[in-house]
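Please treat every number below as a calculation from the coordinates, not as lab data. Please read these numbers as outputs of a predicted model, since none were measured by experiment. Here the Cβ is made from the backbone with ideal geometry for all residues, glycine too, and neighbour counts use every protein chain on show.
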Amino acid sequence: MSDLVVIAYKDPNTAFQVRDKLVSLQKEEIVALDDLVVVVREMDGKIKLHQSQDLTGPGALSGAFWGLLIGVLFMAPWLGLAVGAVTGALAGKYVDIGIEDKFIKQAAETINPGNSAVFMLLRKVTPDKCITAIKEYGGTVIQTSLTDEQEAKLRSALGGQ
């Protein structure tokens, strides 16, 4: 089972630095992420999601393959390729894996304009090493699915907020 952790930051740069650190920790197998999203709330209140996994490209590639295959069967391989690529790209763009975008947008409403947050869905984590790696960035824990003890330890490490 995965754990959800949402940490807010006073500026977008910090959130992107934390995202990069988490990706690095994943390569070191300190964390295993099911999803990682940086949310930036613009000064005008608009919310922008920066997904870690963009499925548009892989969707287009998959759609192109299947479209070409079907197109060959109906003697129109180029048409099948084109239609398949467009369909696959659109499907990839609107597929929602990991944390639901609707939930992210609702939670992001609590972030002040100009601030940001990192939403992470952790499948596996080595807590001590992960906390040590991100505590230098500070932040405010908005929401977690951690136990009370784990959440208190995280809040303490990030500055007691």
With respect to the cross-link table entries LYS129/LYS153; LYS21/LYS129; LYS27/LYS102; LYS10/LYS48, which display a Cα-Cα separation exceeding 19 Å? LYS27/LYS102
Give me a comma-separated list of calculated 3J(HN,Hα) values for segment 100-107, in order, Karplus coefficients 6.51, -1.76, 1.60 applied at θ = phi - 60°, integers in Hz, x for any Gly or Pro. 5, 4, 4, 5, 4, 5, 5, 5
Extension gain, GLU109 back to LYS46 (0.36 nm per residue minus Cα-Cα distance, nm): 21.8 nm
In terms of modelled amide H atoms, which long-range or inter-chain residues lie less than 5 Å from the amide H of GLN143? VAL6
Take VAL23 and ILE142, extend 7 Å from each Cα along the Cα→Cβ direction, and tell me the distance between the two endpoints in nm. 2.1 nm
By counting other Cβ atoms within 10 Å of each Cβ, how are ILE104, ILE134 ranked from fewest to most? ILE104, ILE134
Arrange MET120, MET43 by Cβ neighbour counts within 10 Å, fewest through most, would you? MET43, MET120
Distance in nm between pseudo-label sites at LYS10 and THR126 (7 Å out along the Cβ direction from Cα): 3.2 nm
Net charge contributed by nearby residues that have their C-beta within less than 12 Å of ARG123 (K/R +1, D/E -1): -3
